[in-house]
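Chemist: So that we are looking at the same thing, I have put the structure below in structure tokens.
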Amino acid sequence: MRHHRAMSSPPTPAPLSVLLVNPPPGVQSALAAAGFLLAMSADGLQARQHDAVLFDVPDAAALAALAHRPDLPQVAFDAAVVVQSAVADDTLEATLLRQGVQHIVPPGDAVALARAIRHAVVRRRADRKARTAYATDLATGLPHQAQ
């Protein structure tokens, strides 16, 4: 008599948690439909509690304010940061990317936005693993001598 072992499916990953900072109408429902766990914020300071932070930047003044926000590098260290903006300014976008923003996307395409958030989280997690590996002696698990 043969026994058949049931094939188990791979575990379903936990939904990603996204902090929305001043999102425009429709973004919240589109991201919820894409399976994200959502929280709202006016400032993005609770980033550490989430996988990603989405800043909606409606105009050039808001883009400049975000690029010069003093706590943006810390927010980007705590979570993957995605910016949604219709404003195209190469200088400000370069500043945002240097400060740790993972992705800048134009508004209007909820599928592309969801994909950008997922990719940003994957990149942030890979970056953390690389930093941890660099700071840890793999043979002993202790911090590197330089650390």
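Chemist: Could we say that V87 is modelled with pLDDT of 95 or more and in contact with a helix residue (DSSP H, G or I) (Cβ under 7 Å, 6 or more places away or on another chain) here?
Modeler: no
Chemist: In segment 45-54, what residues are surrounded by fewer than 17 Cβ atoms within 10 Å (Cβ to Cβ) and either modelled with pLDDT of 80 or more or aliphatic (A, V, I, L, M) (or both)?
Modeler: L45, R48, Q49 - these are the residues of segment 45-54 that are surrounded by fewer than 17 Cβ atoms within 10 Å (Cβ to Cβ) and either modelled with pLDDT of 80 or more or aliphatic (A, V, I, L, M) (or both).
Chemist: When you go through A34, A42 one by one, which is the residue that is at pLDDT 90 or above and open to solvent by 10 Å² or more (accessible area, probe 1.4 Å)?
Modeler: Within the list A34, A42, the selection yields A34.
Chemist: Only one residue in A60, A86, A64, A110 is open to solvent by less than 40 Å² (accessible area, probe 1.4 Å) and either touching a residue at least 12 places away in the same chain (Cβ under 8 Å) or among the aromatic types (F, W, Y) (or both). Which one?
Modeler: A64
Chemist: While we're looking at this one, here's another question. Suppose we filter A120, A114 for residues that are in a helix (DSSP H, G or I), modelled with pLDDT of 90 or more, touching a His at 6+ places or on another chain (Cβ under 8 Å) and closer than 21 Å to L16 by Cα; which single one remains?
Modeler: Step by step, each of A120, A114 is checked, and only A120 is in a helix (DSSP H, G or I), modelled with pLDDT of 90 or more, touching a His at 6+ places or on another chain (Cβ under 8 Å) and closer than 21 Å to L16 by Cα.
Chemist: Can you tell me which residue within segment 123-145, out of those that are open to solvent by 100 Å² or more (accessible area, probe 1.4 Å) and assigned to a loop (DSSP other than H, G, I, E, B), is modelled with the highest pLDDT?
Modeler: L142
The values are calculated or read from the model by the stated rules, or taken from the named source; none is laboratory data. The structure displayed is predicted, hence computed values, not measured ones. Cβ coordinates were reconstructed from backbone atoms using ideal geometry, including for glycine residues, and neighbour counts include every protein chain displayed. Just so you know, the surface numbers come from the protein's heavy atoms only, side chains and all, with ligands and any DNA or RNA stripped out. Shrake-Rupley method; radii C 1.70, N 1.55, O 1.52, S 1.80 Å.
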